[in-house]
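Taking it in order: structure first as structure tokens, then the write-up.
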Amino acid sequence: MLGLPALSKESRSRRRLALSAAAKVNLVLEILGKRADGYHELVTVMQAVDLSDRLILEEAADLELAVSAEGVPGDATNLALRAATALREASGTDRGVHITLDKRVPVAAGLGGGSSDAAAVLLGLNRLWGLRWPAARLAEVATTLGMDVPFFLRGGGALGTGRGEELKPVPAGAVALVLVTPPFGSSTAEAYGRVTPSMYTDGSRAQTMAGLLRTRQAARVAASLYNGLEAAVAPLHPEIARMKAALLAAGALGVAMSGSGPTVFGVARSFEHARQIRARLTRASWRCWAVRTLGGPAVRVRTIGSMDRMMGRGQAARRGTLDPVFGGSNPPAPTTIRRGRR
Ligand code: C5P
């Protein structure tokens, strides 16, 4: 057929999915106490935002991963590959997948990027491998990967209790935020390891925020931000206080650290206001984004179909040169491939 890219029969028949995996912020994170299992009892309001990693899942014999960003592990410690391994074991399938991961969400930043990638892999493989598992069954596997992962199976806004994995959806209006990430990461385990009983609160701030989110009133949301982990993490990183002060000076209505940090975020009156605030943040080493909260799913899945192949989009997306979900150009092609056969 004239004008079509030359694809082998095998390549044409191999199924591919393109996914986007959104980050989150914790609008409130309260620590209620320490549990007998070593984790901390939380009440948190998690909210998906429109800053997303991109993934391509393609049928393969093995479990394989190619990552686009430097400093992101491409081996079996990567949560995306761990998700594929966990689902393969739990389902008993002998099928594989080649995962291409294009990182845009900063790593170890308190934004749940790795957890969102893991949720995307679970949702994508549920489809690619034809498992047809209900969400509750996927959530059981998600919890074994990390307490943030179940949230990303759904997205939107949610009130999290227990270790953060017991979720109640919170209908949320759109709020504009500015995210600021410094050039270093923060360890979640270390952050929780520094928590003392003086940092415990009663969960009422999270309940208040859950009620407020429905109202879309940015000023009230801004006034109710809270993160109990800040007291544990901020003394380690003076940059956190500097980023918060810079956001407030640039016009943010309120500021807080997200998760175990070090990312901080500010609430804006509108998306245009968020862009203005971001433009006023001039420190070169900070990465800044104006984002909107997402009312809908954190993970979006699309089959790369015959039209994409005719346009060459499937191949370009796999190479990482085309945005698989929204169109446009991507950062550089993946650099690492590791095999994860067990
Ligand atoms: O769930 P995740 O694997 O991200 O957690 C990393 C570490 O953070 C845990 O091993 C635990 O030490 C700590 N943590 C905690 N209480 C929670 C969640 C995490 O102490 N609710």
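The values are calculated or read from the model by the stated rules, or taken from the named source; none is laboratory data. No experiment lies behind these values; they were computed from the predicted model shown. Please note: Cβ atoms are built from the backbone with ideal geometry, for glycine as well, and neighbour counts cover all protein chains shown. Heavy atoms of the whole protein, side chains included, go into the accessibility calculation; ligands, DNA and RNA do not. Shrake-Rupley method; radii C 1.70, N 1.55, O 1.52, S 1.80 Å.
Does at least one position in region 59-70 carry a residue that is free of Cβ contacts under 8 Å to residues at least 12 places away in the same chain, out of contact with any Gly (no Cβ under 7 Å at 6 or more places or on another chain) and part of a loop (DSSP other than H, G, I, E, B)? Within region 59-70, not a single residue is free of Cβ contacts under 8 Å to residues at least 12 places away in the same chain, out of contact with any Gly (no Cβ under 7 Å at 6 or more places or on another chain) and part of a loop (DSSP other than H, G, I, E, B). Just one of the listed residues (ALA139, ALA174) is surrounded by fewer than 21 Cβ atoms within 10 Å (Cβ to Cβ) and more than 16 Å from the ligand (Cβ to nearest atom), namely ALA174.
Within region 26-44, residues that are within 10 Å of ARG205 (Cα to Cα) sit with their Cβ atoms under 7 Å from residues that are near the ligand (Cβ under 10 Å from one of its atoms) and assigned to a loop (DSSP other than H, G, I, E, B), at 6+ positions apart or across chains, in these pairs: LEU29/LEU229; LEU29/GLY259; THR44/GLY164.
Test GLU30 against the stated conditions and say whether it is of a type outside the set (A, V, I, L, M, F, W, C), within 16 Å of the ligand (Cβ to nearest atom), modelled with pLDDT of 95 or more and open to solvent by less than 20 Å² (accessible area, probe 1.4 Å). Step through it out loud before you land on a result.
Working: of a type outside the set (A, V, I, L, M, F, W, C): yes; within 16 Å of the ligand (Cβ to nearest atom): yes; modelled with pLDDT of 95 or more: yes; open to solvent by less than 20 Å² (accessible area, probe 1.4 Å): yes.
Criteria met by GLU30.
Looking at region 137-150, which of its residues are assigned to a helix (DSSP H, G or I) and more than 17 Å from VAL49 (Cα to Cα)? Lay out the reasoning, then the answer.
Here is the first cut: in region 137-150, the ones assigned to a helix (DSSP H, G or I) are 137-145, 149-150.
Within region 137-150, ARG137, LEU138, ALA139, GLU140, VAL141, ALA142, THR143, THR144, LEU145 qualify.
In the set (1) over 16 Å from the mean Cα position of the chain (by Cα); (2) open to solvent by less than 30 Å² (accessible area, probe 1.4 Å); (3) more than 14 Å from the ligand (Cβ to nearest atom); (4) modelled with pLDDT of 95 or more, ALA86 fails one condition alone, (3). Please tell me if ALA118 is open to solvent by less than 60 Å² (accessible area, probe 1.4 Å), touching a Leu at 6+ places or on another chain (Cβ under 8 Å) and closer than 28 Å to ALA279 by Cβ. In short, no.
The number of residues in region 73-101 being out of contact with any helix residue (DSSP H, G or I) (no Cβ under 9 Å at 6 or more places or on another chain) and over 17 Å from GLY146 (Cβ atoms) comes to 1.
Considered as a group, the residues in region 121-136 that are more than 18 Å from LEU79 (Cα to Cα) and in a helix (DSSP H, G or I) include one that is least open to solvent (accessible area, probe 1.4 Å), and that residue is LEU128.
Here is the figure for region 270-288: residues that are within 24 Å of GLY155 (Cβ to Cβ) and touching a helix residue (DSSP H, G or I) at 6+ places or on another chain (Cβ under 7 Å) total 1. Of all residues in region 41-72, which are within 16 Å of the ligand (Cβ to nearest atom), more than 19 Å from VAL299 (Cα to Cα) and open to solvent by less than 20 Å² (accessible area, probe 1.4 Å)? The answer is LEU42, VAL43, THR44. In region 224-342, counting only helices (runs of 4 or more DSSP H) that sit wholly within it, the ones holding 2 or more residues that are surrounded by fewer than 19 Cβ atoms within 10 Å (Cβ to Cβ) and at pLDDT 95 or above span 238-249, 271-280.
Within region 177-188, the residues that satisfy the criterion of being surrounded by fewer than 21 Cβ atoms within 10 Å (Cβ to Cβ) and within 17 Å of the chain's Cα centre (by Cα) are GLY185, SER187, THR188.
Listed by first and then second residue, the pairs with beta-carbon distance under 9 Å, at least 6 apart or on different chains, first residue in region 159-171 and of a type in the set (D, E, K, R), second open to solvent by 70 Å² or more (accessible area, probe 1.4 Å) and more than 8 Å from the ligand (Cβ to nearest atom), are ARG163/ASP37. For region 151-175, filtering for residues that are in contact with an Asp or Glu (Cβ under 9 Å, 6 or more places away or on another chain), over 18 Å from GLY110 (Cβ atoms) and in a loop (DSSP other than H, G, I, E, B) leaves 1.
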